[in-house]
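Engineer: Attaching a single structure in structure tokens format; questions to follow.
The values are calculated or read from the model by the stated rules, or taken from the named source; none is laboratory data. Owing to the predicted nature of the structure, the values given are computational and were not obtained by experimental measurement. FYI the Cβ positions are ideal-geometry reconstructions off the backbone, even for glycines, and counts take in every protein chain you see. Quick note on the areas: whole protein, heavy atoms, side chains included, nothing else; ligands and nucleic acids left out. Shrake-Rupley method; radii C 1.70, N 1.55, O 1.52, S 1.80 Å.
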Amino acid sequence: MWRYAPALPVQLATSIISLGEGMTPLLPASRTGARIGASDLLIKDEGLNPTGSFKARGLSCAVSMCVELGIRKLAIPSAGNAASALAAYAAAAGIESHIFMPQDVPQSNFIECKAYGARVTLVDGLISDCARIVAEGTPREGWFDVSTLKEPYRIEGKKTMGYELAEQLGWELPDAIFYPTGGGVGMIGMWKAFEEMEALGWIGPKRPKMIAVQAEGCQPVVRAFNEGAARSRFWDGAATVASGLRVPKPLGDFLVLQAVRESGGTAVAVADTELIDAGIELATEEGIFVSPEGAACVAGARNLLRDGFLKRDDKIVIYNTGSGLKYLEAYSTRFPRVSGGETGKLGGLITPR
């Protein structure tokens, strides 16, 4: 990621806290593409970042700036992966981190944060409740609030996804980008990157259709898009197995909607059953085990190709924002362990004699 350091806010090389984030692979998915009706389908696999998600980009940049500015105590509300990334980069920087996550956060995120030495508080509620606790505690505890878009640095790290994609495609952007949209900062960052690269003369004015993908159980941006609203309304009863999409009111919703509309894109929601199926199918067909959020984009692409919004020969890039290995609870519903032995049957549990 730090190959783009001149376009990032950190001034001193000695301030950079890096664990090897960025330049994630752009993988062809020809079998899945053939099945869903796309002749040129690519997966940008952010699950291969440190701590297993794209959140490493934003937190590498933010924590590096904290080092440069002399900040020593950080706090973050998170649905899971941002917490893991902050805990890791804070540990690498020798900075104190305070994590607030929903009680039912994926186990991998909880264990990671504890292992990295973070102060972890599990909250009986959603990420919005965690954000309220951080906001209330910041002036009292002297934390620097690393909440999404409440500081200017995480988006700078995330915009490098746009720089990388352009570089990997020979400075020609694709026809469509599918992005799993919880907070939506990755999409906002990429939209900013495209503007910067055009100003630098690296790309032309062409922009991909930006497609925001949410879960049916939490789709405030989709509802706002369909209503023609500039901002979303709080989504009551938010529920989905894709924990990163369980954001009932994104702070930067108006910027996501702006990018979607200006690009001629759209916003779609998929059911939990659809996204889990799509994740398993992609893993089976391509050997790429994606997060439920990334899987939602595969299901969304299939639906938009079927409905004619996209053409078969469009170059389509799906962003997988995290590793499927961080969501074993979600996928385990399809793969329960066999409770009893079935001697001699391939695929079952063989009991030794």
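Engineer: Treat each spin label as a single point 7 Å out from the Cα along the C-beta direction, and report the E136 to D175 distance in nm.
Structural biologist: Modelled inter-label distance: 5.1 nm.
Engineer: Solvent-accessible area of W171, probe 1.4 Å, all protein chains present, reported in Å² to the nearest ten, please.
Structural biologist: Approximately 90 Å² of W171 is accessible to the 1.4 Å probe.
Engineer: If you rank E227, E281 by how much accessible surface each has, with a 1.4 Å probe, what is the order from largest down? Please report the intermediate quantities before stating the final value.
Structural biologist: Numbers: E227 105, E281 65 Å².
Greatest to least solvent exposure: E227, E281.
Engineer: Right, another one. With every atom except the alpha carbons ignored, what do you get for Rg and Dmax of the range 222-347, in angstroms?
Structural biologist: 17.4, 61
Engineer: For an R0 of 41 angstrom, estimate the FRET efficiency from the Cβ-Cβ distance between D129 and V338 and round to the nearest 0.05. Can you show the working numbers first?
Structural biologist: Numbers: r = 38 Å, r/R0 = 0.94.
The computed FRET efficiency comes out at 0.60.
Engineer: Ranked by accessible surface with a 1.4 Å probe, highest first, in what order do D175, D104 come?
Structural biologist: D104, D175
Engineer: Right, here's the next one. Just grab the label-to-label distance for K114 and W202, each label 7 Å out from Cα along the Cβ direction, in nm (one decimal).
Structural biologist: Result: 4.1 nm between the two label points.
Engineer: Something else about it: What dipole magnitude, in Debye to the nearest 20, does the range 1-110 give about its Cα centre under +1 on Lys/Arg Cβ and -1 on Asp/Glu Cβ?
Structural biologist: Taking the Cα centre of the range 1-110 as origin, the dipole is about 100 debye.
Engineer: For V241, what charge total do you get from the other residues with a beta carbon under 13 Å from its beta carbon, if Lys and Arg give +1 and Asp and Glu give -1?
Structural biologist: For residues surrounding V241, the net value is -4.
Engineer: Let me check I've understood the local charge: for K73, count other residues with C-beta under 11 angstrom from its C-beta, Lys and Arg +1, Asp and Glu -1. What total comes out?
Structural biologist: Numbers: positive: R72, R119; negative: E96, E141, D145.
The answer is -1.
Engineer: Also, quick follow-up: Give a residue-ordered list of calculated ³J(HN,Hα) values for the range 48-54 (Karplus: 6.51 cos²θ - 1.76 cosθ + 1.60, θ = phi - 60°; whole Hz; x for Gly, Pro).
Structural biologist: The phi angles translate into 8, 6, x, 6, x, 7, 5 Hz.
Engineer: Pairs K150/K326; K192/K311; K55/K114; K150/K192; K249/K326: which exceed 19 Å Cα-Cα?
Structural biologist: Among K150/K326; K192/K311; K55/K114; K150/K192; K249/K326, the Cα-Cα distance tops 19 Å for K150/K326; K192/K311; K249/K326.
Engineer: Also, I was wondering about something else. Run the dipole for the range 204-348 about the Cα centre, Lys and Arg Cβ at +1, Asp and Glu Cβ at -1, nothing else charged, and hand back the magnitude in debye, nearest 20.
Structural biologist: Taking the Cα centre of the range 204-348 as origin, the dipole is about 400 debye.
Engineer: Same structure, new question: Rounded to the nearest whole Å³, what is the per residue volume of the convex hull around the Cα atoms of the range 80-193?
Structural biologist: Convex hull volume per residue, Cα atoms: 120 Å³.
Engineer: Per DSSP helix of 4 or more residues, -39500 (n - 2.57); summed, then divided by the residues of the chain. What does that give at 222 nm, rounded to the nearest 500?
Structural biologist: That comes out to -12000 deg cm²/dmol.
Engineer: Compute the distribution of all C-alpha to C-alpha distances in the range 231-286, in bins of 5 Å from 0, and list the percent of pairs in each, rounded to whole numbers.
Structural biologist: Once binned at 5 Å, the Cα pair distances of the range 231-286 give 4, 15, 18, 21, 18, 14, 7, 1.
Engineer: Moving on to the next point. For Y116, what accessible area in Å² do you get when you roll a 1.4 Å probe over the heavy atoms of the protein chains, rounding to the nearest 10?
Structural biologist: Its accessible surface works out to 90 Å², give or take rounding.
Engineer: Binned at 5 Å from 0, what are the whole-percent values of the Cα-Cα distance distribution for the range 1-66, short to long?
Structural biologist: Taking every Cα pair in the range 1-66, the percentages come to 4, 17, 21, 17, 13, 10, 8, 6, 4, 1.
Engineer: Which log10 I(q)/I(0) values does the range 171-268 give at q = 0.13 Å⁻¹ under the Debye formula, counting every alpha carbon as one identical point scatterer?
Structural biologist: Reported log10 I(q)/I(0), two decimals: -0.43.
Engineer: Could you give the length gained by full extension between Q11 and S30, i.e. 0.36 nm per residue of separation minus their alpha carbon distance, to one decimal place?
Structural biologist: Between Q11 and S30, full extension yields 2.7 nm more.
Engineer: Using the Kirkwood formula on the Cα atoms of the range 25-128, what hydrodynamic radius do you get, in angstrom to one decimal?
Structural biologist: 15.0 Å
Engineer: A further question on this structure: Once you charge only the Cβ atoms, +1 for Lys and Arg and -1 for Asp and Glu, what is the size of the charge dipole of the chain about its Cα centre, to the nearest 20 debye?
Structural biologist: The dipole magnitude comes to about 200 debye.
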